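Read-outs: derived from the displayed coordinates by stated rules, not from any lab. Computed from a predicted model, the values in this text were never measured in an experiment. Cβ: placed from backbone, ideal geometry, glycine included. Neighbour counts: every protein chain shown.
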Amino acid sequence: MSVGVYVHADSVVHRLSPGIKLAALFGFSTLIVLVRDVVALAVALGLVLMLFPLARLPLSLAWRQWRPILVVMAILAAVQLFYSDWVGAVSVVLRLSALVLLAALVSLTTKASDMIEAISRAVRPLAYLGISPTRIGLVISLALRFIPLIAEQLEEVKEAQRARGLERNVLALTIPLMVRVLKMATEIGDAIEARSFDPDDARRLSDLWRRRSEQPSERNDH
Amino acid sequence: MIEIRSVTQIFGERTVLSDVSVSLDERRIAIVGSNGSGKSTFARLLNGLLLPSRGEVLVDGMSTAKDSKAVRRRVGFVFQNPDNQIVFPLVEEDLAFGLKNLKLPAEEVRARVEAALVQYGLAELRTHPAHLLSGGQKQMLALASVLVMAPEIIVFDEPTTALDHRNKRMIADFIRGLKQRAIVVSHDLDLLRDFDRVLAFEAGRIVLDGAPETVLPRYLEMMG
């Protein structure tokens, strides 16, 4: 199972509105950044971990979400230990773990389409500035969909280069991967267009806004 | 009917299609040709994914350049690699994507997705991550996500290229059973034998056009 990809289960966390989950994530993240007390941070992490069984998700899944950031956390903890003290090191690990696991829990229990709808609704006022909420939603969806696919492509390239003894050559890995990803991106763009995606939503809304704001001045001219 | 009128397609310095004119009205039409002959470019012109450098393409009288939205409602497109066609992470979400783009009411989107999940054997995979599907299941999802939008014509760009024998047969049967008109670009001549018409491309021109029993043997001869 990939990191952060929706896992179906019948739980109260799954049933919660995506808007509420995203708002809670935002509120919790703000709070946890402000908290300095190690015990409070440990309690916060404990609470996040308790949400996994509540969402009917195994704790092993929490571990799989946590594992990819182990190296980053070790580096941050080492820096804290060097410049500050052990309390700073433990705090950074607890804080980051709680944040990552809660964010993962939100994406594990929320379908991409529901999350995108919630985000698109939240950023809808940006349409009046010509920024398309539909496009923002699509970008998030594509990221969720294609991260595992790009990881697969990287594995394929690695395997091909390993056969040639080039698995440690950064260029031999990145160039073919870039070529594949760019080719894939072109076709994905075509596929989205072929399925009637309308990128002009934002433009129409901003045009509407402009027309509305122009109407009184036009009337004044007569 | 799709009418291609004096279409020339140029990419940079390269002319990929040269003054092609043809009308397409049969139920099953096959397009064959060697790599680089212009057949995939031709297919992309049919639903406005590409606009001609010169000439015009009309679908039931509507220009792909001027009425692109209406044209895409009528002409669906199935790409060679299903991985690049599945946009959403979950099966049911991907099926709903095109329907939402058509601005259908939420209730109708739900109903059509439900029907498609059952019709195309994807009901048990509805909340399955798309990247974990098998090759055949991905191809079926890619087909279903186009068919759920109820186009009248479906263009397939090499639909069996990356599939094993069993999945090739499944897709071939699927195309045969379609109610819609189909235009299929393929190197797989077995898939095309019972089609109504075959167009063969070479160097950006249609060099053979007719029934499979006359065109395919000549095409094989031409390919040496």
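At a glance:
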| item | result |
| --- | --- |
| Helical mean residue ellipticity (222 nm; -39500 (n - 2.57) per DSSP H run of 4+; nearest 500) of chain B | -10500 deg cm²/dmol |
| C-alpha long axis of helix B:165-177 to longest principal axis of chain B, angle in ° | 80 |
| Over segment B:35-99: Rg over Rh, Cα atoms, Kirkwood Rh | 1.04 |
| Distance between modelled label sites at A:V87 and A:L16, nm, 7 Å Cα→Cβ extension | 3.1 |
| Unit Cα scatterers, Debye sum, chain B: log10 I(q)/I(0) for q = 0.08 Å⁻¹ | -0.29 |
| Per-residue average of Cβ from other chains inside 10 Å of A:109-115 | 3 |
| Semi-axis lengths, Å, segment B:136-198, gyration tensor of Cα atoms, sqrt of 5 times eigenvalues | 17, 16, 9 |
| Mean-position separation - Cα centroids, segment A:36-51 and segment B:174-190, in angstrom | 58 |
| Zone residues, segment B:39-57, relative to B:R5, backbone N less than 17 Å from point 7 Å out along Cα-to-Cβ | B:46-48, B:51-57 |
| Size of charge dipole - segment B:35-114 - debye, nearest 20, with Cβ of Lys, Arg +1 and Asp, Glu -1, no other charges | 420 |
| Relative contact order of segment A:29-128, pairs being alpha-carbon contacts under 8 Å that are 6 or more residues apart, as % | 32 |
| Residue-span extension gain [A:W63 to A:E156] - 0.36 nm each, minus C-alpha spacing | 30.9 nm |
| C-alpha long axis of helix B:91-101 to longest principal axis of chain B, angle in ° | 70 |
| Cβ-derived FRET efficiency at R0 41 Å, B:A123 paired with B:L189, nearest 0.05 | 0.75 |
| Low-density loop cleavage sites - GluC sites (Glu not before Pro) in segment B:1-80, where at most 16 other Cβ are within 10 Å (DSSP) | B:E13, B:E26 |
| Test item: B:125-133 mean partner chain Cβ contacts at 10 Å | 4 |
| For segment A:12-110, convex hull of alpha carbons as volume per residue, Å³ | 84 |
| Spin-label proximity, B:S53 to segment B:1-16 - amide N less than 17 Å from point 7 Å beyond Cα toward beta carbon | B:5-16 |
| Pairwise FRET efficiency - B:E221 versus A:A143, Cβ, R0 = 35 Å, nearest 0.05 | 0.10 |
| Nearest-ten-degree value, helix A:38-54 long axis tilted from longest Cα axis of chain A | 70 |
| Convex hull per residue volume in Å³, alpha carbons only, for the protein assembly as shown | 222 |
| Extension gain, B:K103 back to B:E152 (0.36 nm per residue minus Cα-Cα distance, nm) | 15.8 nm |
| Cubic angstrom per residue, convex hull over Cα atoms of segment A:101-153 | 85 |
| Within segment A:1-63, trypsin sites (Lys or Arg not before Pro) in DSSP loop having at most 16 other beta-carbon neighbours inside 10 Å | A:R36, A:R56 |
| Segment B:2-223 - charge dipole about Cα centre, Lys and Arg +1 at Cβ, Asp and Glu -1, debye rounded to 20 | 320 |
| Three principal axis lengths of chain A [C-alpha, angstrom, descending] | 74, 52, 43 |
| Cβ charges +1 (Lys, Arg) and -1 (Asp, Glu), total dipole of segment A:1-69, debye | 120 |
